[in-house]
Amino acid sequence: MKKLLDLISEEVTKAFTELGYDEKYGKATLSNRPDLCEYQCNGAMAAAKEYKCAPFLISDQVAEKLKENPMFAMAESVKPGFLNLKLDERYLADYLKAMAKDEGRFGCEKAEKPKTIIVDYGGANVAKPLHVGHLRPAIIGESIKRIGRFMGHNMIGDVHLGDWGLQMGLIIMELKERKPELVYFDENYEGEYPKEAPFTISELEEIYPTASKKSKEDAAFKEAAMEATKELQNGRRGYQAVLGHIMAVSVADLKKNYSNLNVSFELWKGESDAQPYIPAMVEKMKKEGFAYVSDGALVVDVSQEDDVKEIPPCIILKSDGAALYSTTDLATIVSRMEEYDPDSIIYVTDKRQSLHFIQVFRCARKTGLVKPETELKHIGNGTMNGKDGKPFKTREGGVMRLQYLVESINEEMYKKITENHTVEEAEARKTAQIVALSAIKYGDLSNQASKDYIFDIDRFTSFEGNTGPYILYTIVRIKSILNKYYGEKKLPEGAEILPAINDSAKALMLELAKFNGAMETAYQETAPHRVCAYIYDLANAFNHFYHETKIMTEEDPMVQAGYIKLLELTRGILETCIDVLGFSAPEKM
Ligand code: ARG
C-alpha cells in the first residue's frame, strides 16, 4: 500500500498543478501544530516567489480546490500562506481496513528487488565469555537484520567470531602446563584424538584469563604462546585438535547465551575462516601496485584529499609478515563477495572501531575487493554506561559478564511482577524473563545506536514511560480485552473498522496508518530506534483511546465490533514491531 502521506501529497500536488502551479510545491508533511491540523503543506510560501504573488493567494486557491476533495475533512488556508489539512474520517477508516486485510504486513510492501545483505554483528571471542560490550552489537544487529528481513531482503547474520590469534596459543600453552600428559602435545602421536574436550566451559573461561595474565608477567610464557599460535596456524595436528575442542565448547556456550537474548546467526564463521584468502589477496594488492612496504610493513594508502583529519595507511602485513585485524576483515570481504556477492555488508561494533572500518572500507574499494556498487556500512554503537556515567562495571569494578547482567535484570523484573499479586512461581519466572528482555532491548534500541546511554535498571524496568515493559503492558492490555470479548461473543457479520467518532480514536487511527512509513524509514536509515519511537507514539495513542472509550460496555454491537477490529490491528502492528526489535510479549503480566 502507498503511504498515507504520499497519497495526501498526490492530491495536494494535483490541486497545485490543476491551478497551473508547479508540482514540486505540493508536498504534504505531518503537522507540526497537531492542535490545528493533522497535515500541512507549505508549498504556497515557496511558490509565491516563483509566481510573484502573495503566498496566501495561492494557498487560498489550493484550499478551495481541496475542499471539494473527499479525502479531506478540512482544508484551510492560513496566513501568510499555509495549508492546514485534516483527513476525512471515512477515508482514514478505509485505509485502515485495507491495512487490516493485508495480513501480517499491514500495508507495508516488501522490496521489489530484494537485496542480499550481510550483517556482521556478533564479534564474540572464542574462549572468552560475552561481556556487556557485546550486548549492544548483538541487540542492534539482530534488529537491523529483522527489519531488513521484514522489508523483504535476504538478510544473513554472521557472528564473525574472534577465533584467531594469540588467545589460542595462550590457551594451548596453559593447558600444556596443567596437563602435559595430554596426547595433543605429543608431536609423534599419529592416532586419532579424543572426541571429548579436555576441559569444560567454566574451566576454559578460567584458563584464558589466567594465561593472559601470565603472559603479561612472564616473557618466556608469552614467547611460547606466540610460537604455539604460529605452529597452530601452520597446521600442527595436536594443536588443531585442541582448537577444535575450544571452538566446540565455546560455540555451544555462546549459542546458549545469544539465544537467551533472542539473538541468532545464520553464519557461525570466524576470523580463522578468512585466513586462506589472505595470500592471494595480498599478492593481488602488491601486483596491482596498491600495497607497498613502509617501515618494513606492507601498507595501502587510504587517505583522501578532502580528509579533515589524517587517515593513516591500512596495514596489510606487519614487518614480521603477520596478518592483522584489518587483514582479516579484508580477507573476510573477499570470501563474502565470493560466496554471497552481497549488495551490502553492515558491521555493528563499538564506535571506537570507526577508524578501523574507514581504513578497511577504503582499502577494499581502492583495491577492487568489492564492486563499485557494493555498500559497506559501519554502524558504530556508543557505550552503555552505568548510573555514574562510566562504562558498566561489576560492583568490584571488573568487566560485567553478560550473563550476570541479564540474570540481575530477570531478578529485578521477577520482584516487580510478584510484588503486588500472587503468581505461580514458574509462570512468574517465565514472564519476568520475557519482560526483562524487553526492558534490556528496548532500553538499548530506543536510543540512537551511536549515542552512549545510561543503563538505568529502575527506569528500564518501569511499566510507565518510554520503556519495553510499557509497550508489553499495552499489548497485554489489548490481548486481555480481546480475550474477554471473544470469550463472550463472536464478531457480528460485516464487522469493520468504523470512521473515528472522537479525537482519541482518530489519533490512534492516524498513528496506525504510519506503520509502513515507519518501517521503511527504519530500514532506510538502518535505525531500529525509529521503530521504538513509532511504537511509543502508537502505545500512547492507544492508551489514550482506551481511557476515553467504553469498549466492553458499548451497546451498539457494530460499533463495539469496530473497536475490536481496531484493537486487533493495533495488537498486530505492535507485535510485528517488537518482533523486529527482537523481543515478544507474554500473555499476561
Ligand atoms: N571480535 C571483535 C572484538 O571483540 C569484534 C569483531 C567485529 N567484527 C568485525 N568484522 N571486525 O572486538
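The values are calculated or read from the model by the stated rules, or taken from the named source; none is laboratory data. Note that this is a predicted model, so its numbers are computed, not measured. Positions of Cβ are generated from backbone atoms using ideal geometry, with glycine treated the same way; all protein chains shown enter the neighbour counts. Calculation scope for accessible area: heavy atoms of the full protein, side chains included, ligands and nucleic acids excluded. Shrake-Rupley method; radii C 1.70, N 1.55, O 1.52, S 1.80 Å.
The distance linking segment 1-67 with segment 448-515 is 32 Å (Cα centroid to Cα centroid, whole angstrom). Spatial offset of segment 192-210 relative to segment 352-392 amounts to 33 Å, using the alpha carbon center of each. In the context of the full set of protein chains, segment 1-126 has a per residue accessible area of 51 Å² (1.4 Å probe).
In order along segment 464-471, the Karplus-derived 3J(HN,Hα) couplings, from 6.51 cos²θ - 1.76 cosθ + 1.60 at θ = phi - 60°, round to 10, x, 7, 9, x, x, 5, 5 Hz, and Gly and Pro are given as x.
Coupling constants for segment 490-497 follow from the phi torsions by the Karplus curve (6.51 cos²θ - 1.76 cosθ + 1.60, θ = phi - 60°), and in residue order they are 10, 5, x, 3, x, 5, 8, 5 Hz; glycine and proline get x.
Solvent-accessible area per residue in segment 185-263 equals 56 Å², computed with a 1.4 angstrom probe and all protein chains kept. What FRET efficiency comes out for the pair Gln240/Asp452, r = Cβ-Cβ distance, R0 = 41 Å, nearest 0.05? FRET efficiency, Gln240 to Asp452: 0.50. Stokes-Einstein diffusion coefficient for segment 476-589 at 25 °C in a medium of 0.890 mPa s, Rh from the Kirkwood formula over Cα pairs: what value in µm²/s? It diffuses with D of about 165 µm²/s by this estimate.
The length gained on full extension between Ser303 and Asp341, counted as 0.36 nm times the residue separation minus their Cα-Cα distance, comes to 11.0 nm.
Temperature 37 °C, viscosity 0.692 mPa s: under these conditions the Stokes-Einstein estimate for segment 1-137, based on its Kirkwood radius over C-alpha pairs, is 184 µm² per second. In plain terms, if you count all Cα to Cα distances in the chain and split them into 20 Å steps from zero, the share in each step is 17, 41, 30, 11, 1 percent. For the chain, the share of accessible area belonging to carbon and sulfur comes to 50 percent (1.4 Å probe, ligands and nucleic acids excluded). Given H placed 1.01 Å from N in the peptide plane, which residues other than close sequence neighbours of Ser31 have an amide H under 5 Å from its amide H? Residues meeting the amide H criterion: Tyr39, Gln40. A viscosity of 0.692 mPa s and a temperature of 37 °C, combined with the Kirkwood radius over C-alpha pairs in the Stokes-Einstein formula, give segment 347-452 a diffusion coefficient of 194 µm²/s.
The phi torsions of segment 444-460, fed into the Karplus equation with coefficients 6.51, -1.76 and 1.60 and a -60° offset, translate into couplings of 7, 5, 6, 8, 4, 3, 6, 8, 6, 9, 9, 7, 10, 4, 5, 5, 5 Hz, rounded to whole numbers, with Gly and Pro shown as x. Per the Debye calculation on segment 233-365 with a single equal scatterer at every Cα and no solvent contribution, log₁₀ I(q)/I(0) for q = 0.13, 0.19, 0.21 Å⁻¹ amounts to -0.70, -1.24, -1.36. Cβ distances below 4.7 Å define possible disulfide partners, and in the chain the cysteines left without one are Cys37, Cys41, Cys53, Cys108, Cys532, Cys577.
Full extension of the segment from Arg178 to Leu57, taken as 0.36 nm per residue of separation minus the current Cα-Cα distance, would add 34.7 nm.
Here's how it looks for Phe290: its modeled amide H is under 5 Å from none belonging to a residue 5 or more places away or on a different chain. Set against the 2.2 N^0.38 Å expectation for a compact globular protein, segment 436-499 has a Cα radius of gyration ratio of 1.62.
Other residues within the sphere of radius under 13 Å centred on the Cβ of Leu324, judged by their own Cβ, net out at -2 (K and R +1, D and E -1).
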